[in-house]
Amino acid sequence: MKSTLTPAEQTNQAHWDEVAPIHIEAYEEVALLKAGGIALDEIELHEVGDVTGKTLLHLQCHIGTDTLSWARQGAIVTGVDFSAASIAAARQLAQETGLDATFIEAGVYDLPNVLEGQFDIVYTSRGVLCWLRDLDEWARIIAHFLKPGGLFYIMESHPMWNTFEETESGELKPLYSYFHTAEPVRWEADGDYADDTYTHEVASYEWTWSLSDILNALLKAGLRLESFNEYDRLFFKLFPGMMPCIERWYHYPQYGGKLPWIFTLTARKQ
Ligand SMILES: C[S@@+](CC[C@H](N)C(=O)[O-])C[C@H]1O[C@@H](n2cnc3c(N)ncnc32)[C@H](O)[C@@H]1O
């Protein structure tokens, strides 16, 4: 099946192929998994609930650390990503940890052409929405792959943070639009979020989606919203002024506890 990736998405695919080997070295989650642990946070474990024996489709799974964590929690997992290097790393990690998982190399929008069946849970998290060019189509694909009564779960950085840059005096200043624009923003020679000594060679394109875009896309696809939560910590160091708070999470001491850094959402197919 021919892929339907746009030129911007093809650049993103090359970008993620470049960083997958960097992340295999840099992600603490890899060592955690190899030591018998899991990469998931208590927020998502609590909000998704018991996954034992449930089928779980993980969209944009990258190197598979979260997918394999759900497998260790008892789910029957399928991870999907359009980066061949990420999928190869995920398969290697599955082998090294002895965890059962199916990994598929495919773009989100091509998935209905390459994958059959429906799942109890569709899961996606941590840095996924900015890579998507069409959120309504994304939501329709989620609904397509959910069984009736199935659960969609997302944990994502709060879209408000697409708007801000940190100034030299350590203040947060709104510079970019919070609202979606059809044209993505191109980032050149960006630093890497997991390895701050690494500068990307391949550029990337990112789209901004507001909270209303996200909620409306899921509602239009026929999903029923069950919960929406916001939390005051983030799963990566977005701004230089951010500091570690609990293990593998960051906060901004200057604005401690006053701002939402992530949101989570559960929605169910009728
Ligand atoms: C930040 S990572 C996902 C984070 C993951 N939870 C983690 O922490 O490792 C974003 C992933 O989205 C994938 N991706 C981006 N656009 C995609 C698309 N259109 N279809 C499939 N995968 C895509 C990239 O290849 C990358 O692996």
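The values are calculated or read from the model by the stated rules, or taken from the named source; none is laboratory data. Since we're looking at a predicted model, the values are computed, not measured. In this analysis, Cβ positions are derived from the backbone assuming ideal geometry, glycine residues included, and neighbour counts consider all displayed protein chains.
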Could you tell me whether the range 13-20 includes any residue that is surrounded by 17 or more Cβ atoms within 10 Å (Cβ to Cβ), more than 10 Å from the ligand (Cβ to nearest atom) and over 24 Å from Glu230 (Cβ atoms)? yes
Subset of the range 25-40, residues more than 11 Å from the ligand (Cβ to nearest atom) and either modelled with pLDDT of 95 or more or under 15 Å from Ala71 (Cα atoms) (or both), comes to Ala31, Leu32, Leu33, Lys34, Ala35, Gly36, Gly37, Ile38
Which count do you get for residues in the range 107-130 that are near the ligand (Cβ under 10 Å from one of its atoms) and outside any strand (DSSP E or B)? 10
Strands (runs of 3 or more DSSP E) fully within the range 131-215 counting 1 or more residues that are acidic (Asp, Glu) and within 30 Å of Asn113 (Cβ to Cβ): 146-157, 204-206
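Name the residues in the range 92-101 that are within 17 Å of Ala35 (Cα to Cα) and either touching a strand residue (DSSP E or B) at 6+ places or on another chain (Cβ under 8 Å) or within 9 Å of the ligand (Cβ to nearest atom) (or both), would you? Break it down stepwise before answering.
Here is the first cut: in the range 92-101, the residues within 17 Å of Ala35 (Cα to Cα) are 92-100.
Across the range 92-101, the qualifying residues are Ala94, Asp100.
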Taking the residues in the range 45-73 that are outside any helix (DSSP H, G or I) and β-branched (Val, Ile, Thr) as candidates, determine which candidate is farthest from the ligand (Cβ to nearest atom). Thr52
Within the range 161-200, can you find the residues that are of a type in the set (A, V, I, L, M, F, W, C) and under 20 Å from Glu9 (Cβ atoms)? Ala182, Val185, Trp187, Ala189
Pick out the one residue from Ile76, Ile104 that is within 15 Å of the ligand (Cβ to nearest atom) and of a type in the set (Val, Ile, Thr). Ile104
